[in-house]
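Below: the structure, in structure tokens.
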Amino acid sequence: MRRGLRRIAIRARTAALVLALPAWMAGCAVGPDYRRPEPAADASFTGQALVEAAPGAPRADWWRAFGDPLLDELVAEALLANRDIAAAEARLKEARAARREQTWDFLPTPTARASATSQRQSLGGTPGGFPVQRDSDLYETGFDASWELDLFGRVRRGNQAARASLGAARAARDEVRLSVVAELARNYFELRGAQQQLAVAQRNAENQLHALELVRARLDAGRGNALDAARAEAQIETTLASVPPLEAAVARARHRIEVLAGQRPGLFTERLGTAVPPPALPPAVALDDPAAVLRRRPDLRVAERQLAATSARIGIATADLFPRITLNGSIGYQALAADALDDAGNDFRRFGPALTWAFLDIGRVRQRIRAAGARHEAAFAHYEQAVLLALEDVENALSTFGRERRRQEHLAAAARASVLAADLATQRFEGGIADFLTALDAYRTALEAEDRLAAGQTAAATALVALYKALGVSVPEPTP
């Protein structure tokens, strides 16, 4: 009776252990458990007062706020054909495949094998020197399987690291997409600004040529002097000298746009050759709180996922302090002739656990753990630095855009006044009230004012592009 009760108790304890083992294995993983850091951030940005800010997150297709259909087309083409984006997509596929491969570590690893061996044995190596059959063949076929019992979380930590690396690759892809769109928009506005400055220079060169002809006519009529003619000629030559650098700037911006769109340089010459006025800036910019910006920026998501991966790898290294138990099994057939493999009695099977433990090499294991911890510390410092740089990036972008927009208003007023002054000076000179030097100086001032206005419009537009990029807006997926 007592023996029966004892057997029942033993079986009950064994069953309880068997049932509890999976739960214990699921909860036991050595190494630190990762917690996503929450960086401290103020309620608003310091430079927010410099811009017209609307509450809420910026729109994903922020470039459409400029109202330029051609820019919209170029961005769509770049998202589909840019080579940097294609490379980032390929790296994301690689990380996704590595993550899926890592999940197979939870399951047994089966392999199939077949071998044929021919051997000759030495007579001198036989016991007592008796003659034996020296030549023999051995044929073998079968299946092997091994399964690591993840008692201390090495496999689980490996999967955590793979998931974090996949997240980092996805965020890096988003960062490349945002960078390509921002660079394309910046070069597009620089192209339009250079075209605008070129048009201003060419228009002023025509006006100055007209003034030179007038001075020469007065000189021929005996009412002018050679000094005025020389001054007028010097002015027009100076204006014409500014044309080649502007034409080169137009070509550089166009070539960059073509490459960003995945095309060879020179393909968009006609498409981008027509000068158009610079786009109007949106009246307000959607701006949410710094904490939301930090969560959204792709470079910070890359740094955070890399931090998570280094944390998981500490657990992988720590698991080597403990035994690693693997269940191994084999089934198959073995025979001295290939046609006898399926004969009765030629089958075999092996099954049993294997234990490996690096306790005799514990010094190396501990150093690997320390190295993994140091890499985690470096990743955390990199993440904290990325947070500071992100905040700096947004503050700089807000400050630059706010002040460039204010500067543009003053440049527009200066250009209007300068053009008016040039017209009045021309009228006074033609009426004989003022000398040519006054008119010439008014021409030069008007040219400089219009040139600065065109450059200021470009600077304001590119500053807004930099602000959108700093806010880390996720670019939507392109539509093929």
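At 0.36 nm per residue, minus the direct Cα-Cα distance, what do R64 and D361 gain on full extension? Give it in nm, one decimal, please.
Working: separation 297, 0.36 × 297 = 106.92 nm, distance 6.17 nm.
Once the chain is fully extended between R64 and D361, it gains 100.8 nm.
Fewest to most neighbouring Cβ within 10 Å: what's the order for E77, E175, E213?
Numbers: E77 18, E175 21, E213 11.
Fewest-to-most Cβ neighbours within 10 Å comes out as E213, E77, E175.
How far is helix 243-260 tilted off the main Cα axis of the chain, in degrees rounded to 10, range 0 to 90? Helix 243-260 sits roughly 20 degrees off the main axis of the chain. Give the distance, in whole Å, between the Cα centre of region 46-62 and the Cα centre of region 226-259. Between the Cα centre of region 46-62 and that of region 226-259, the gap is 38 Å.
In this structure, the amide hydrogen of F152, modeled 1.01 Å from its nitrogen in the peptide plane, lies closer than 5 angstrom to no residue at least 5 positions away or on a different chain. Look at the alpha carbon pairs under 8 Å that are at least 6 residues apart: their mean separation over the length of the chain gives a relative contact order of 26 percent. Working from label points 7 Å from Cα in the Cα-to-Cβ sense, the R428 to S44 distance is 4.8 nm.
Restricting attention to region 31-76, which trypsin sites (Lys or Arg not before Pro) occupy a DSSP loop and are surrounded by at most 11 other Cβ atoms within 10 Å?
Qualifying residues, ordered by number: R35.
The sum of -39500 (n - 2.57) across all DSSP H runs of n ≥ 4, divided by the residue count of the chain, sets its helix-only mean residue ellipticity at 222 nm to -22000 deg cm²/dmol.
Ordering T239, L464, S122 by Cα displacement along the dipole of the chain toward the positive end leaves S122 in first place; charges were set at the Cβ atoms of Lys, Arg (+1) and Asp, Glu (-1). Each residue of region 271-278 is assigned a 3J(HN,Hα), and the resulting list reads 5, 10, x, 7, 6, 10, x, x Hz, derived from the Karplus form 6.51 cos²θ - 1.76 cosθ + 1.60 (θ = phi - 60°), x at Gly and Pro. What's the long-distance tail for the chain, i.e. % of Cα pairs beyond 32 Å? The calculated P(r) of the chain puts 65 percent of pairs beyond 32 Å. The charge dipole of region 305-388, taken about its Cα centre with unit charges on the Cβ atoms of Lys, Arg (+1), Asp and Glu (-1) only, comes to about 640 debye.
Placing unit charges on the Cβ atoms of the charged side chains and taking the dipole of the chain about its Cα centre, the candidate lying farthest along the positive direction among W357, A217, A371 is W357.
Run the numbers for E384 and T141: contour at 0.36 nm per residue of separation, minus the present Cα-Cα distance, in nm. Mind dumping the intermediate values first?
Values: separation 243, 0.36 × 243 = 87.48 nm, distance 5.65 nm.
Once the chain is fully extended between E384 and T141, it gains 81.8 nm.
Magnitude of the charge dipole for the chain, about its Cα centre and with charges confined to Cβ atoms of Lys, Arg (+1) and Asp, Glu (-1), is about 2920 debye.
How high is the relative contact order of region 360-480, in percent, counting Cα pairs under 8 Å that sit 6 or more residues apart? Could you put the intermediate results ahead of the total?
Working: 57 pairs, mean separation 42.0, N = 121.
The value is 35 percent.
Taking 7 Å steps out from each Cα toward its Cβ at A275 and E377 produces label points 6.0 nm apart. May I ask for the angle, rounded to the nearest 10°, between helix 226-241 and the longest principal axis of the chain, with both axes built from Cα atoms and the value confined to 0 to 90°? Roughly 20 degrees, rounded to the nearest 10.
Phi angles across region 66-79 convert, under the Karplus curve 6.51 cos²θ - 1.76 cosθ + 1.60 with θ = phi - 60°, into 3J(HN,Hα) values of 7, x, 10, x, 5, 4, 4, 5, 5, 5, 4, 5, 5, 5 Hz, Gly and Pro given as x.
Extension gain for the segment V243 to E448, taken as residue separation times 0.36 nm less the Cα-Cα distance, is 72.4 nm to one decimal. Over region 351-454, all Cα pairs binned in 5 Å intervals from 0 give whole-percent P(r) values of 2, 10, 9, 8, 7, 6, 6, 5, 5, 5, 5, 4, 4, 4, 4, 4, 3, 3, 2, 2, 1, 1, 0, listed from short to long.
The distance between label points at N328 and A86 comes to 4.7 nm (points 7 Å beyond Cα on the Cα→Cβ vector).
The angle between the Cα long axis of helix 298-318 and the longest principal axis of the Cα atoms of the chain comes to about 20 degrees, rounded to the nearest 10.
Computed from the coordinates by the stated procedures, all read-outs in this text should not be read as laboratory data. Please read these numbers as outputs of a predicted model, since none were measured by experiment. Note: ideal-geometry Cβ built from the backbone for every residue, glycine included; neighbour counts use all protein chains shown.
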